[in-house]
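Right, one structure below, let's go through it.
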Ligand SMILES: *[C@@H]1O[C@H](CO)[C@@H](O)[C@H](O)[C@H]1NC(C)=O
């Protein structure tokens with residue numbers, strides 16, 4: 001009987017779902033980011049965990065959990081034809097430690113969000129208006145492109161860490177709202193990281209990577 005109880009207990013522990021939010025679970029009701037503290041804390045010290053230090057709860061106000069303006073369109077007059085309005089922990093300090101953020105994107109006609117990665121977040125996107133081609137590429141060695149055209153109300157998920165992109169294929173503007181599974185999801189735009197790094201990756205390295213001559217590599221680098 002005792003053995004059976006032990007067995008069931010062990011089974012319960014094994015079956016117990018492991019916390020799946022990206023980032024550790026909060027250690028308190030909330031931890032509003034205190035930006036005046038010495039920046040991201042990467043180790044656990046009392047109420048500081050994998051994010052910014054917590055503002056004294058007695059100083060916390062409703063405004064720490066709220067931000068406005070996400071109904072507004074931004075200017076898409078840039079080389080990509082897109083405007084990205086991010087609400088991460090930097091804009092909404094109440095998101096600190098909660099593993100969540102969101103973003104609204106405006107795309108002008110032919111506007112593109114170029115291939116990029118969120119190293120710490122899965123992204124779920126909903127088209128509010130327009131038509132959007134979306135896609136992501138699976139890892140090596142297949143590097144399979146998973147792509148689709150979305151219409152209004154369509155939802156698409158980009159798995160964490162994979163290269164993905166969006167392209168407006170509507171006659172007019174497109175608008176989306178997306179949620180990401182990290183308060184600080186991070187963005188790595190592939191072209192910027194590869195050709196626009198500071199300082200530059202050597203032409204010989206990029207030449208081998210892209211099987212291109214030095215002139216071609218220099219031409220790409222000159223865009224950044
Ligand atoms: C499309 O977006 C641009 C820039 O945001 C705006 O100036 C223009 O009025 C929009 N066009 C339509 C048809 O909504």
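The values are calculated or read from the model by the stated rules, or taken from the named source; none is laboratory data. Small disclaimer: the values here were computed from a predicted structure and weren't measured. As a convention, Cβ positions derive from the backbone with ideal geometry for all residues, glycine included, and neighbour counts pool all protein chains shown.
The set of residues in the range 52-67 that are at pLDDT 95 or above, more than 30 Å from residue 112 (Cβ to Cβ) and in a loop (DSSP other than H, G, I, E, B) comprises 60, 61, 66. In this structure, residue 165 qualifies as more than 16 Å from the ligand (Cβ to nearest atom) and either outside any strand (DSSP E or B) or modelled with pLDDT of 95 or more (or both).
Would you pick out the residues in the range 173-183 that are in a loop (DSSP other than H, G, I, E, B) and more than 16 Å from the ligand (Cβ to nearest atom)? Talk me through it step by step, then tell me what you get.
We begin by selecting, within the range 173-183, every residue in a loop (DSSP other than H, G, I, E, B); these are 173, 181-183.
Across the range 173-183, the qualifying residues are 181, 182, 183.
For residue 191, the conditions (1) part of a helix (DSSP H, G or I); (2) more than 28 Å from residue 99 (Cα to Cα) all hold with the exception of (2).
Let's see how each residue does on (1) in a strand (DSSP E or B); (2) in contact with a helix residue (DSSP H, G or I) (Cβ under 6 Å, 6 or more places away or on another chain); (3) away from the ligand (no atom under 16 Å from the Cβ):
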{"site": "136", "(1), (2), (3)": "yes, no, yes"}
{"site": "153", "(1), (2), (3)": "no, no, yes"}
{"site": "171", "(1), (2), (3)": "no, no, no"}
{"site": "204", "(1), (2), (3)": "no, no, yes"}
{"site": "209", "(1), (2), (3)": "no, no, yes"}
{"site": "218", "(1), (2), (3)": "no, no, yes"}
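I need the full set of residues from the range 125-134 which are within 16 Å of the ligand (Cβ to nearest atom) and in a strand (DSSP E or B), in order please. Within the range 125-134, 127, 128, 129, 132 meet the criteria.
Every residue in the range 79-126 that is on the phi > 0 side of the Ramachandran plot and crowded, with 20+ Cβ neighbours inside 10 Å, please. Hits for the range 79-126 are 97, 99.
Test residue 46 against the criterion of being over 22 Å from residue 182 (Cβ atoms), surrounded by fewer than 13 Cβ atoms within 10 Å (Cβ to Cβ) and either in contact with a helix residue (DSSP H, G or I) (Cβ under 7 Å, 6 or more places away or on another chain) or modelled with pLDDT under 55 (or both), and give yes or no. If you could, list the steps in order and put the result at the bottom.
On the way: over 22 Å from residue 182 (Cβ atoms): yes; surrounded by fewer than 13 Cβ atoms within 10 Å (Cβ to Cβ): yes; either in contact with a helix residue (DSSP H, G or I) (Cβ under 7 Å, 6 or more places away or on another chain) or modelled with pLDDT under 55 (or both): yes.
Yes: the conditions hold for residue 46.
Please enumerate the residues belonging to the range 68-124 that are without any contact (Cβ under 8 Å) to a residue 12 or more places away in the chain and either in a strand (DSSP E or B) or more than 16 Å from the ligand (Cβ to nearest atom) (or both). The answer is 68, and nothing else.
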